[in-house]
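First comes the structure, then the notes that go with it.
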Amino acid sequence: DTGVSQDPRHKITKRGQNVTFRCDPISEHNRLYWYRQTLGQGPEFLTYFQNEAQLEKSRLLSDRFSAERPKGSFSTLEIQRTEQGDSAMYLCASRLIGTEAFFGQGTRLTVV
Amino acid sequence: GQQVMQIPQYQHVQEGEDFTTYCNSSTTLSNIQWYKQRPGGHPVFLIQLVKSGEVKKQKRLTFQFGEAKKNSSLHITATQTTDVGTYFCAGLRNYGQNFVFGPGTRLSVLP
């Protein structure tokens, strides 16, 4: 148990539907990251927050993707109008500045 | 943009043999981290290297950061079946805040 919780663990959705994932980081961690990982690849950066501020977004993050961390605690990642190419493992990680990242178990999204 | 590459992509070894994976960045890094991901699991932090030429050891694992801070290596001595998994390096570029992961090296250990 790394202390970072993600919900749900698995999500199957039909193409065109919206999905939302939640991440609860380790409580004292001020930085929260979202990554996407496909089979056989390394985690691919999507976005990160420092407290409630979203400081960086990957160019890979299309307009269909949005992330929030409203009170600097938990975060949500929403994908609108899902496409089959969105099928992947979505990983959340948290850390304190200068230290290692702790990853959650991930949410596996399958778009059918 | 910054790219982080790793070789080899796969490595199959007999239990007891040594294993090395190499990580190369297209840009100078301020630090580098190594993670291990077991099949079906999530990445788990192994170590962070910060200084040029730094070498750190964890039991049978030896990590090295290159003098130019653009490459790193992980060496495992006398592999065991528990070493099975994918090893990722993740580089933090100078003045950057985001770690860029390499594609990983998948290690299989045959008993």
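Read-outs throughout are calculated quantities, based only on the coordinates presented, and are distinct from any laboratory measurement. All of these numbers come straight from a predicted model, not from anything done at the bench. Positions of Cβ are generated from backbone atoms using ideal geometry, with glycine treated the same way; all protein chains shown enter the neighbour counts.
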Exercise for review: Kindly establish whether residue B:45 is facing another protein chain (nearest Cβ under 10 Å) and either touching a residue at least 24 places away in the same chain (Cβ under 8 Å) or assigned to a strand (DSSP E or B) (or both).
Suggested key: yes
Check your understanding: Which of (1) touching a Leu at 6+ places or on another chain (Cβ under 9 Å); (2) within 20 Å of residue B:4 (Cα to Cα); (3) surrounded by 18 or more Cβ atoms within 10 Å (Cβ to Cβ) is the odd one out, the single condition residue A:104 does not satisfy?
Key -> (2)
Point to revise | Number of the exception - residue A:40 against (1) in contact with a strand residue (DSSP E or B) (Cβ under 6 Å, 6 or more places away or on another chain); (2) surrounded by fewer than 21 Cβ atoms within 10 Å (Cβ to Cβ); (3) among the small types (Gly, Ala, Ser) | key: (1)
Study note, to complete from the structure: When region B:24-44 is checked residue by residue, the ones that are crowded, with 17+ Cβ neighbours inside 10 Å and among the polar types (S, T, N, Q) are B:24, B:25, B:31, B:33, B:37
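Kindly check whether there is at least one residue in region A:41-53 that is assigned to a loop (DSSP other than H, G, I, E, B) and either touching a residue at least 24 places away in the same chain (Cβ under 8 Å) or within 14 Å of residue B:99 (Cβ to Cβ) (or both).
Among the residues of region A:41-53, at least one is assigned to a loop (DSSP other than H, G, I, E, B) and either touching a residue at least 24 places away in the same chain (Cβ under 8 Å) or within 14 Å of residue B:99 (Cβ to Cβ) (or both), which makes the answer yes.
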Review point. How many residues, within region A:90-112, are within 14 Å of residue A:12 (Cα to Cα), within 14 Å of another protein chain (Cβ to nearest Cβ) and out of contact with any Phe, Trp or Tyr (no Cβ under 7 Å at 6 or more places or on another chain)?
Key: 1
Exercise for review: Taking only region A:49-89 into account, find how many residues are facing chain B (nearest Cβ under 10 Å), under 30 Å from residue B:10 (Cβ atoms) and either among the hydrophobic types (A, V, I, L, M, F, W, C) or surrounded by 12 or more Cβ atoms within 10 Å (Cβ to Cβ) (or both).
Suggested key: 2
